[in-house]
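Since every read-out is calculated from the coordinates, none of them should be taken as a lab result. Just so we're clear, the structure is a prediction, and the values are computed from it rather than from any experiment. In this analysis, Cβ positions are derived from the backbone assuming ideal geometry, glycine residues included, and neighbour counts consider all displayed protein chains.
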Amino acid sequence: MIPEMKKMKLSIVTLLLTSVILLSCKKVLDTEPQLYIDQSTSIVDKRAAQAALTGAYNALSANNYQGNTFRYVTNLLSDNIKWVGNTPTNREFDVYAIFATNSRVQDLWSAIYKTVNIANNIIEKVPTINDVTLSQADRNKQRGEAFFLRALSYFDLVRLWGAVPIVSKATQTPEDAKGIKNSTTEQEYSFIKNDLDSAEILLPAVVNRNRANQYTARALKARLYLYQKDWIKAEDFATQVINDSADFRLVKPYSQFYATKNSTESIFEVDYTINNKNSYAGNWFQNPTSGGKKEFLPTDDFIALLKDVNVGGSRSSLIFTVSGVTYGNMNFKIATGEDQSYILRLAELYLIRAEARAEQNKLEEGLKDLNVIRNRANVPSILTVSSKETLIDKIILERRVELAYESQRWFDLIRRGKAQEVLGITDVNKLLFPIPKQEILISSDLTQNPGY
């Protein structure tokens, strides 16, 4: 019996180019999945470069990526949310029985690789543009942003599918996308690190909470090193951002970071407006007029945690109850579609540093970081811990409530080796998604993940 908390995920990973290859050549800003870009609409001047970069951010913010699908599947896979919908495709994520034909899996795969492809073209073509109005500083910034977006995209790909193909060159024709095979996860993490190194060098140290900059690169590096168990570097890069208190500060009350856009706590959030909407809030509330269908509710044990004054504190604002039904309360702008997607924020960096310090047996320092987050949420400080293991358990619990609806919990359980135990998953292969069946059918170079 699969516990309410969660389910059973499907496998794994790997390639990408093919379905796009069969599509007709399209422009950089086209919203359809693609792995190559028509050479005739390539990046040839300053205006085209700016449009391409806008297109990369649009691809990241699309409903098939951060706008809805990524948040939908990663949060539903956790033990914070239960599924109450009636669509079989979505139910597969709730019970960890995902088929390679699942349309959300295909859509997410295509959307992420589209983001990669646009970034590839920017990285490769911007240095060769013959346009005197495009300064070297602007060229560096555009390429730095593209390196960051590509790193973020591959970080999502490797966490969801594992051994995916690495496409690092601009593709303008279907032939460019042939012959690319699955890479190893080690190769992928090395590729991500190199992209973040390039981004950090090229980008300015100027705060923009909706665009890549040096701070976003360093914050994502901190998360990357946490996943790789490089505790020293995870601590170091988290500290670099935390120490810039002039630009980054925790807000109070807790709800302020999602009640207002671009708070001082935000390092990188995907911005949505009335003219650039997402449909994610419709999964939380039923509203036939504006399209809501209520697919999610918080799980009972998560509700209990939020209501516990020694755990949830002011984070009880993440739920509200109407007529005996308790709803989630972070993504609620169903009428306007303007709920942000919070990719990196300061609270996570405190918890990354706390965990990295705990792993290095710096228990006092790690506990101090943990208490910073607890105190902001009006939760009493923990005065002492008896062991490294005890402190890490408390940090992981803190991450569960602090980052509740931010696509972190599922990955935390996997990287800490707790997903099968906590979620009742019997098949380890289900900790990765299947590579979309259509991709496997089109490309003989791709290898399906085990168990699919």
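For segment 391-452 and segment 209-263, write down the distance between their C-alpha centroids in whole Å.
23
In segment 315-382, how does Rg compare with the Kirkwood Rh, expressed as the Rg/Rh ratio over alpha carbon atoms?
Radius of gyration over Kirkwood radius for segment 315-382 works out to 1.13.
Please give the charge dipole size of the chain, origin at the Cα centre, charges +1 on K and R Cβ atoms and -1 on D and E Cβ atoms. Round to the nearest 20 debye.
420
Once you keep just the Cα pairs under 8 angstrom separated by 6 or more residues, what percentage relative contact order results for the chain?
After rounding, I find 25 percent.
May I ask you to derive the relative contact order of segment 78-205, considering only C-alpha pairs under 8 Å and at least 6 residues apart, and to give it as an integer percent?
About 26 percent, as a whole number.
Can you give the FRET efficiency to the nearest 0.05 for Thr185 and Ser387, using r as the Cβ-Cβ distance and R₀ = 25 Å?
Efficiency computed from Cβ-Cβ geometry: 0.25.
What does the highest-first list of 262-270, 387-395 look like by mean Cβ count within 10 Å?
262-270, 387-395
With a Förster radius of 51 Å, plug the Cβ-Cβ distance of Lys252 and Glu175 into 1/(1 + (r/R0)^6) and report the FRET value to the nearest 0.05.
So, using R0 = 51 Å, E works out to roughly 0.35.
Based on a Kirkwood Rh over C-alpha pairs, give the Stokes-Einstein translational diffusion coefficient of segment 378-425 at 4 °C and viscosity 1.567 mPa s in µm²/s.
109
For segment 320-395, what does the relative contact order come out to in percent, with C-alpha contacts under 8 Å and a separation of six or more?
Relative contact order, segment 320-395: 23 percent.
With only alpha-carbon atoms counted, please give the Rg and Dmax of segment 240-381, in Å.
According to the Cα coordinates of segment 240-381, Rg and Dmax are 16.9, 54 Å.
Just from its helices, what would the mean residue ellipticity at 222 nm be for the chain, if runs of 4 or more DSSP H residues each count -39500 (n - 2.57) and the sum is divided by every residue, rounded to the nearest 500 deg cm²/dmol?
It comes out at -14000 deg cm²/dmol, rounded to the nearest 500.
Given the pairs Lys221/Lys252; Lys46/Lys261; Lys293/Lys437; Lys233/Lys368; Lys229/Lys252, which are separated by over 22 angstrom at their Cα positions?
Lys221/Lys252; Lys46/Lys261; Lys293/Lys437; Lys229/Lys252
Expressed as a whole number of Å, what is the distance separating the alpha-carbon centroids of segment 50-99 and segment 270-346?
15
How big is segment 302-452 in terms of Cα radius of gyration and Dmax, in angstroms?
Rg and Dmax of segment 302-452, Cα atoms, are 18.9, 58 Å.
Could you order peptides 211-219, 443-451 by the average number of other Cβ atoms within 10 Å of their residues, highest first?
Top of the packing list down: 211-219, 443-451.
Which value, to two decimals, describes the C-alpha radius of gyration of segment 113-212 once divided by 2.2 N^0.38 Å?
Scaled against compact globular proteins, the figure is 1.12.
At q = 0.12, 0.14, 0.21, 0.23 Å⁻¹, what is the base-10 log of I(q)/I(0) for segment 190-295 according to the Debye formula with one equal point scatterer per Cα and no solvent? Please give it to two decimals.
Reported log10 I(q)/I(0), two decimals: -0.56, -0.71, -1.11, -1.20.
With a Förster radius of 45 Å, plug the Cβ-Cβ distance of Val132 and Asn276 into 1/(1 + (r/R0)^6) and report the FRET value to the nearest 0.05.
For R0 = 45 Å, the calculated efficiency reads 0.90.
Tell me the volume per residue, in Å³, of the convex hull enclosing the alpha carbons of segment 156-231.
120
For the chain, what is the convex hull (Cα atoms) projected area averaged across all directions, in square nanometres?
Directional mean of the projected Cα hull area for the chain stands at 20.8 nm².
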